[in-house]
């Protein structure tokens, strides 16, 4: 659930023998953003818990519509453009038909979505690395005094645009700082723009929904199967701890 490697060490050799990359891989697989996955799974467990205690369809829908509205207000009026409650509310509404499904069905849905999510993430990461490598080759050729082809110039341009999209330039930081130090209306416009860009305006928006829905489904499955609630044997949990 972490970032692509070209964003982390763009000047380091991408090698499994490089100690920096070993630490990076362990961090990305074992620790990066795991709190968000745990929160999503607990959110999913909460859905099953509340539905198993007789929560009506109407209350379920009202609670999550309220969460969507709260997220919308938080992301705009309360000036936090990178709001996540909105995503959880939308995800819960999308999962409404599966709130009473059997654990096996929930596990299958979660597994399929996670595989799709991981597959697209892997493709995106390799694509990003390819863009970086092509740009570095073109930059190296330019530094040696070679005349670049239009294709090489476009490779550099693509890399710079991707880098600026992920890592704001100093000019962009200064512009945002000036806005944040201005009045409320200026901040409202900026936060609203960031909110809608974050939720709907990029490919990452789709990944966020995919990731959230998949991990919520996994939490629903774990609770419905009695794993989270401690209904399995001690031996089962020892196996789960060691083998995942």
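No value in this document is a laboratory result; all are computed from the given coordinates. On a predicted model such as this, the values are computed, not experimentally measured, just so you know. Cβ coordinates were reconstructed from backbone atoms using ideal geometry, including for glycine residues, and neighbour counts include every protein chain displayed.
Quick notes
- Per-pair calculated FRET efficiency, R0 = 30 Å: residue 102 and residue 233 via Cβ, rounded to 0.05: 0.90
- Gain on full extension, evaluated as 0.36 nm per residue between residue 35 and residue 202 minus their Cα-Cα distance, stands at 57.8 nm.
- In degrees, nearest ten, helix 85-94 long axis to first principal axis of the chain (Cα): 60 degrees
- The mean sequence distance of close C-alpha pairs (under 8 Å, at least 6 residues apart), as a share of the length of the chain, puts its relative contact order at 35 percent.
- C-alpha center-to-center spacing [the stretch 160-190, the stretch 15-38] in angstrom: 29 Å
- Figure legend: label point modelled 7 angstrom from the Cα of residue 161 along Cα→Cβ; residues of the stretch 97-129 with amide N under 15 Å from it are 128.
- Separation in nanometres of the label points that stand 7 Å from Cα toward Cβ, at residue 62 and residue 192: 3.0 nm
- In the stretch 56-131, the C-alpha radius of gyration followed by the widest Cα-Cα span (Dmax) gives 16.6, 51 angstrom.
- Cα→Cβ-extended label distance, 7 Å offset, between residue 50 and residue 17, nm: 5.4 nm
- Only one item in (1) 16.5; (2) 19.3; (3) 17.5 matches mean projected area of the Cα convex hull in nm² derived from the coordinates shown, and that item is (3).
- Kirkwood-based shape ratio for the stretch 104-156, expressed as Rg/Rh from alpha carbons: 1.40
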